[in-house]
Every structure is written in structure tokens, then in C-alpha cells.
Amino acid sequence: MADLRVAVVTGVETTSAPREITVPLPQEVERRRRRLAAFDAVCWSLGARPSQLHLANLSQTATRMDRDYQERVEAMRVLLRQAGTLEDADVVITHGFAGEYGHPQHHAVHDAVISSVGTTRPAAVWTFGRPGRAHFTYRHDARAKARLLEHYRNQRIDGTDWRPETDARMRLWTGPQEWYHAWSVINGRHPQP
């Protein structure tokens, strides 16, 4: 890869549920600082250009029909354009339409990314999938991936290590395989799953 760009969208208030909390505990502020530092460290290890896009948190109950959801998607589109993250991208990897485990923040990222690519030429977009429900399986060096995950171990407020390989939401993504759907996006549109 000649030019790898990675963007993370993070709430300005807190990084963990409930998303409606606007004044986090000091321990959560420190956890958020460590999490963003880990993101930068992973990008540095990959030789990637990082962008942190800071937005107000979205309610856990938000739906695509809600005004605050639609405003969040538009704000994200503006930030992505300003960061130049998707500019002339050959391949874009993002969340799936259903947000992997139903997370509205991930839905909004998907919608903002999809509507921002393929406007000058068709773009290849990979969205996260699951075993048996994906267009293809990507296999990689699990040891190299484990080294990157090490940056994220100190994420818990209580000071104990977070073990992503034992987290039910992350277990599929910590091994040597990942699953993706492949879409050709033209003018910000792709077939609905």
C-alpha cells in the first residue's frame, strides 16, 4: 500500500456506554486518552496517516430516521472531506449497514462513508462481515495483528487489562481471518444488503 489512511470517529464526551453521559468520570477521561493514543500507535506501526474525527455522542437508541442521526452523518461527511481521508481512495474499509452488532454509531459511520465515496469514479468498499455471510475471507499474519492489539490492552477504567480476544464482540476480529462484503460504490450508493 503506497498510502494508507485510517480515520476513527470518536465522541467528544466519553468512549463507553451509556452514550448519553456528557460529563465523564476522570477515570473515563484517562481511558479515552489511552484509547486515542493506542489508535495513533497502531497507525504509526502500520505507516498509516491517522485522522481522529471528534463528534458529539449519538444516543444508543438513535435510528436512521432521527434528526440527530442525520445531522451526525452530515457532520461526519464534512469532517471526512476536510481530513481528505477518502480522497482518491482505491479501497475503503468501513462498518456494515447493520453496524456489526447493531451499534447506531457504526450505522452512522457506514452511512457517512458510503455517501462520501464513488463521486468521481467507482470505489471499492469493503464492509465488515461474518463467517458464512461475507463475499470473501481475508487471511493475514495473526502475530502481527496481535502486536497491534497490544496497544489496546490498557483500556479498562479499573486498570486491569482488556483482553479483546475474550471480548464476545471482538472475538471474531482478533484471529487470523476477517470477513468482508465487497461493494462497488458509485455516486455514494451501493445495493442494500
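Summary table
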{"item": "Surface per residue (accessible, 1.4 Å probe) for the chain, Å²", "result": "58"}
{"item": "Sparse-neighbour loop sites [GluC sites (Glu not before Pro); segment 35-92; at most 15 other C-beta within 10 Å; DSSP]", "result": "E87"}
{"item": "Amide H partners (placed H, <5 Å) of V9, local residues excluded", "result": "L53"}
{"item": "Of A123, A37, A112, the one that fluctuates the most in a GNM where the chain has Cα springs shorter than 10 Å", "result": "A37"}
{"item": "Cα-based shape type of segment 94-133, given that a ≥ b ≥ c are square roots of the gyration tensor eigenvalues and the cut on a/c is 1.5", "result": "oblate"}
{"item": "Theoretical ellipticity at 222 nm over the chain - DSSP helices of four or more residues, -39500 (n - 2.57) apiece, nearest 500", "result": "-10500 deg cm²/dmol"}
{"item": "Derived scalar couplings ³J(HN,Hα) [segment 53-61; Karplus, 6.51 cos²θ - 1.76 cosθ + 1.60; whole Hz; x for Gly, Pro]", "result": "9, 9, 9, 4, 5, 9, 4, 5, 9"}
{"item": "Highest-MSF residue in the chain out of S45, S59, S116 [GNM, Cα springs under 10 Å]", "result": "S45"}
{"item": "Full-stretch length increase - S45, T166 - with 0.36 nm per residue and alpha-carbon distance subtracted", "result": "41.2 nm"}
{"item": "Of V113, V42, V78, the one that fluctuates the most in a GNM where the chain has Cα springs shorter than 10 Å", "result": "V78"}
{"item": "Antiparallel %, DSSP beta bridges [both residues in the chain], to 5", "result": "50"}
{"item": "Protein accessible area in the chain, 1.4 Å probe - carbon and sulfur %", "result": "55"}
{"item": "Gained length - V78 relative to E28, 0.36 nm times residue gap less alpha-carbon distance", "result": "15.2 nm"}
{"item": "Probe 1.4 Å - accessible area at M170, Å² to nearest ten", "result": "60"}
{"item": "Three-way shape label, segment 89-159, alpha-carbon gyration tensor, a/c 1.5", "result": "prolate"}
{"item": "Rounded to the nearest 10 Å², the accessible area of R35 at probe 1.4 Å", "result": "90"}
{"item": "Listed candidates (i) 68; (ii) 37; (iii) 31 - label of the one calculated as percent of Cα pairs over 25 Å apart", "result": "(ii)"}
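The values are calculated or read from the model by the stated rules, or taken from the named source; none is laboratory data. Keep in mind that what you see is a predicted model, and the values were worked out from it rather than measured. In this analysis, Cβ positions are derived from the backbone assuming ideal geometry, glycine residues included, and neighbour counts consider all displayed protein chains. Ligands, DNA and RNA are excluded from the accessible area calculation, which covers all protein heavy atoms including side chains. Shrake-Rupley method; radii C 1.70, N 1.55, O 1.52, S 1.80 Å.
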